[in-house]
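This report concerns only the one structure given below.
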Amino acid sequence: MDESPEVRKRDWLPRTAALLVGTLALATAFIAAYVGALHQPTPRDVPVGVVLGDQRAQAVLAAVRGQTNKIKPIEYDDPGAAGDGLTAREVYAVLTSTPDGKLVLATASASAPAATELVSQVLTTAAGRAQTPIEVTDEVPVSGHDPRGLVPFYLAVGLVLGGYLASTALGVSLGTAPGGVRRAGLRIASLAVHAVLLGVIGALLVGPVLDVWDHDLPTVATVGVLTVFAAAMVAAAVQAWLGLLGTGLVILLLVVLGNPGSGGIYAPEFLPTFLRGMHRWNVPGLATDLLKSAVYFDLRSGRWPLVGLLVWTALGVVGLLTGTLVRGRRAARRPARQVDARPDT
């Protein structure tokens, strides 16, 4: 029997009100996160390496540390370990002294140009006050077509966006909770194909199309595929359990908190305290770090970002499958009118 207009209205109003309230909350959180985190970046404890026993370099860093908390000395046992720390992205620069009394500041602007500029400025000023000559070198420079070092971040944002939008599109058209394990497998396969296509397209765009990077494009494509698939599986898992309302939670994690907390626009040391470590576990931050490692550094700096993305992917697959077994089958047994996010049919 057809429902009366009054019944349809009673069903429609609460759902619409909840969606509008949720949208309002997300927009408010977006403004607060972006403006709060990025309106006045304040660097603190930017790590700079120094070798134990290098008294002149240690004295300069100690003097700077006594005047400001912008720089944080990180001590290494020998010059080789300090150099490894620079290329492994443990520090943004290494300060050493030469036998003739000169200071040498080796930086890696590919980590974050704003951070290395800050370090260079602070230590050059300190050396000038000490009347000590200083030479600044850039051991790992950014691409000349990306002087601010933002391409890894914006590429990661596009890849993450493509991942969760693909999952959302499938959820809207086919239902957020697949009707069975076979259907879930087909969804995972579909999102994997989408990830491969978008990962390759992203690598081609930053490579031969826009000519930002002309090397390591297969690695960039591989990182892109993993990023898209991780974001898609996280979104699919959350939506399988929470329905389309779970999309709001996905946006909160991947966009509202994920983007400003990724350390992409500013180095993590420039962000408010509650966002500083977020790049080490959120998908946009892990993807940004892994892309930087793939293009500019070596595998040592990319170990944790790679593991982190693989963990998110695995959790997403498990979440989607369990959501399918619990919610998808339960929804399949309900009358169509009562299903708020129908399973695949």
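The values are calculated or read from the model by the stated rules, or taken from the named source; none is laboratory data. What you are looking at is a predicted structure, and each value in this text was computed from that prediction instead of being measured. Positions of Cβ are backbone-derived with ideal geometry, glycine not excepted, and every protein chain shown enters the neighbour counts.
May I ask you to verify whether Val196 is in a helix (DSSP H, G or I), modelled with pLDDT of 95 or more and either under 12 Å from the mean Cα position of the chain (by Cα) or closer than 22 Å to Ser293 by Cα (or both)? Lay out the reasoning, then the answer.
Details: in a helix (DSSP H, G or I): yes; modelled with pLDDT of 95 or more: yes; either under 12 Å from the mean Cα position of the chain (by Cα) or closer than 22 Å to Ser293 by Cα (or both): yes.
In short, yes.
Kindly indicate whether Leu291 is closer than 19 Å to Gly36 by Cα, surrounded by 20 or more Cβ atoms within 10 Å (Cβ to Cβ) and either in contact (Cβ under 8 Å) with a residue 60 or more places away in the chain or among the β-branched types (Val, Ile, Thr) (or both).
In short, no.
How many of the residues making up segment 294-321 are more than 14 Å from the chain's Cα centre (by Cα), touching a residue at least 24 places away in the same chain (Cβ under 8 Å) and more than 16 Å from Leu254 (Cα to Cα)?
Adding up the residues that qualify gives 12.
Tell me whether segment 226-234 contains one or more residues that are without any contact (Cβ under 8 Å) to a residue 24 or more places away in the chain and either surrounded by fewer than 24 Cβ atoms within 10 Å (Cβ to Cβ) or over 30 Å from Thr96 (Cα atoms) (or both).
No, segment 226-234 contains no residue that is without any contact (Cβ under 8 Å) to a residue 24 or more places away in the chain and either surrounded by fewer than 24 Cβ atoms within 10 Å (Cβ to Cβ) or over 30 Å from Thr96 (Cα atoms) (or both).
Just one of Val50, Val21 is in a helix (DSSP H, G or I) and either modelled with pLDDT of 80 or more or not assigned by TED's automatic domain parsing to the domain that holds Gly85 (or both); which is it?
Within the list Val50, Val21, the selection yields Val21.
Determine if segment 152-160 includes at least one residue that is assigned by TED's automatic domain parsing to the domain that holds Ala221 and within 24 Å of Val48 (Cα to Cα).
Yes, that holds for at least one residue.
Give the residues of segment 199-220 that are buried (at least 21 other Cβ atoms within 10 Å of the Cβ) and either of a type in the set (Lys, Arg) or part of a helix (DSSP H, G or I) (or both), sorted by residue number.
Scanning segment 199-220 gives Gly199, Gly202, Ala203, Val206, Val220.
What number of residues in segment 101-156 are more than 29 Å from Pro260 (Cβ to Cβ) and β-branched (Val, Ile, Thr)?
7
Does Ala184 satisfy being buried (at least 18 other Cβ atoms within 10 Å of the Cβ) and under 24 Å from the mean Cα position of the chain (by Cα)?
no
Hey, could you check segment 53-99 for residues that are aliphatic (A, V, I, L, M), farther than 20 Å from Pro141 by Cα and touching a strand residue (DSSP E or B) at 6+ places or on another chain (Cβ under 6 Å) and say which is surrounded by the fewest Cβ atoms within 10 Å (Cβ to Cβ)?
Step by step, filter segment 53-99, then rank; the result is Ile74.
May I ask you to list the residues in segment 148-162 that are in contact with a helix residue (DSSP H, G or I) (Cβ under 7 Å, 6 or more places away or on another chain) and either surrounded by 16 or more Cβ atoms within 10 Å (Cβ to Cβ) or farther than 30 Å from Phe229 by Cβ (or both)?
Residues satisfying the conditions are Gly149, Val151, Pro152, Phe153, Leu155, Ala156, Val157, Gly158, Leu159, Val160, Gly162.
Could you please tell me which pairs satisfy a Cβ distance under 7 Å, a separation of 6+ or placement on different chains, a first residue in segment 70-87 that is in contact (Cβ under 8 Å) with a residue 12 or more places away in the chain and more than 18 Å from Gly302 (Cα to Cα), and a second residue that is surrounded by 15 or more Cβ atoms within 10 Å (Cβ to Cβ) and polar (S, T, N, Q)?
Correct list of pairs: Pro79/Thr96.
Which members of segment 101-133 meet the condition of being over 16 Å from Gln55 (Cβ atoms) and outside any helix (DSSP H, G or I)?
Passing the criteria: Leu105, Ala106, Thr107, Ala108, Ser109, Ala110, Ser111, Ala112, Gln131, Pro133.
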